[in-house]
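Trainee: Just passing along the structure, written as structure tokens.
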Amino acid sequence: MDKFTELAATAQVLSQIIGNPETGDFVLVEEPVPECVSQGLAAQGMRFCGLLGIVDGATRAALKEELSDEAYTGLAQIFNQQVMRVLAARLEERDRSEAERATAVSGPVDDFVSWANALHDLPDLRD
């Protein structure tokens, strides 16, 4: 298994590095790049340069070619922002799922409580 496949298989968060090391232009892409976008990037001299990922809470990189310290620092900062956005979205989804489960569980209970309160409020006609 090569380093790219291994990182892609083990990362909880993954981004592709697309860029032109000669000009210092880079883009981090979270999703597969559509062919039309890939052709546009290639026309600008940009190409696949590697992967950045989070594996068990640690940042990992698999680079196709060496990058300058400035490029790597800039990419790391942007990647950290992407990771925060991805984790925030996952936490929101988890909270939404938990809220839906709680609503599903509490729905019939709330109906029973309403029914029991209404029953209690009925006048006693036994006299």
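The values are calculated or read from the model by the stated rules, or taken from the named source; none is laboratory data. Remember, predicted model here, so these are calculated numbers, not experimental data. Here the Cβ is made from the backbone with ideal geometry for all residues, glycine too, and neighbour counts use every protein chain on show.
Trainee: Of all residues in segment 52-78, which are in a strand (DSSP E or B) and more than 18 Å from the chain's Cα centre (by Cα)?
Mentor: Residues satisfying the conditions are ALA62, LEU63.
Trainee: Among the residues of segment 16-60, which ones are aromatic (Phe, Trp, Tyr) and within 15 Å of GLY74 (Cα to Cα)?
Mentor: Result: PHE26, single match.
Trainee: What is the number of the single condition among (1) surrounded by 10 or more Cβ atoms within 10 Å (Cβ to Cβ); (2) within 24 Å of the chain's Cα centre (by Cα); (3) modelled with pLDDT under 90; (4) not charged (D, E, K, R) that PRO32 does not meet?
Mentor: For PRO32, the failing item is (1).
Trainee: Here are the criteria: (1) modelled with pLDDT of 90 or more; (2) among the hydroxyl-bearing types (Ser, Thr, Tyr); (3) part of a helix (DSSP H, G or I). Tell me which single one SER38 does not satisfy.
Mentor: (1)
Trainee: Return the only residue of GLY45, GLY40, GLY74 being surrounded by 14 or more Cβ atoms within 10 Å (Cβ to Cβ) and under 18 Å from PRO21 (Cα atoms). Walk me through it before giving the result.
Mentor: Working: GLY45 fails: surrounded by 14 or more Cβ atoms within 10 Å (Cβ to Cβ); GLY40 fails: surrounded by 14 or more Cβ atoms within 10 Å (Cβ to Cβ).
That would be GLY74, the only listed residue that is surrounded by 14 or more Cβ atoms within 10 Å (Cβ to Cβ) and under 18 Å from PRO21 (Cα atoms).
Trainee: I would also like to ask the following. For PHE26, state whether it is farther than 27 Å from LEU91 by Cβ, surrounded by 16 or more Cβ atoms within 10 Å (Cβ to Cβ) and touching a strand residue (DSSP E or B) at 6+ places or on another chain (Cβ under 6 Å).
Mentor: Against the criterion (farther than 27 Å from LEU91 by Cβ, surrounded by 16 or more Cβ atoms within 10 Å (Cβ to Cβ) and touching a strand residue (DSSP E or B) at 6+ places or on another chain (Cβ under 6 Å)), PHE26 qualifies.
Trainee: Please work out which one of (1) without any contact (Cβ under 8 Å) to a residue 60 or more places away in the chain; (2) under 30 Å from ALA8 (Cα atoms); (3) assigned to a helix (DSSP H, G or I) is the condition CYS49 fails and give its number.
Mentor: Failed condition: (3).
Trainee: Could you list, in sequence order, all residues of segment 48-71 that are surrounded by 16 or more Cβ atoms within 10 Å (Cβ to Cβ) and closer than 12 Å to ILE18 by Cβ?
Mentor: Matches in segment 48-71: PHE48, CYS49, GLY50, LEU51, LEU52.
Trainee: Considering only residues that are assigned to a strand (DSSP E or B) and in contact with a Cys (Cβ under 9 Å, 6 or more places away or on another chain), look in segment 1-22 and name the one that is surrounded by the fewest Cβ atoms within 10 Å (Cβ to Cβ). Break it down stepwise before answering.
Mentor: Step one: of segment 1-22, the residues assigned to a strand (DSSP E or B) are 13-20.
Checking which are in contact with a Cys (Cβ under 9 Å, 6 or more places away or on another chain) leaves us with 16-20.
Values: GLN16: 20, ILE17: 27, ILE18: 21, GLY19: 24, ASN20: 15.
The extreme case among them is ASN20.
Trainee: State whether one or more residues within segment 23-35 are more than 20 Å from PHE4 (Cβ to Cβ) and in a strand (DSSP E or B).
Mentor: Yes, segment 23-35 has at least one match.
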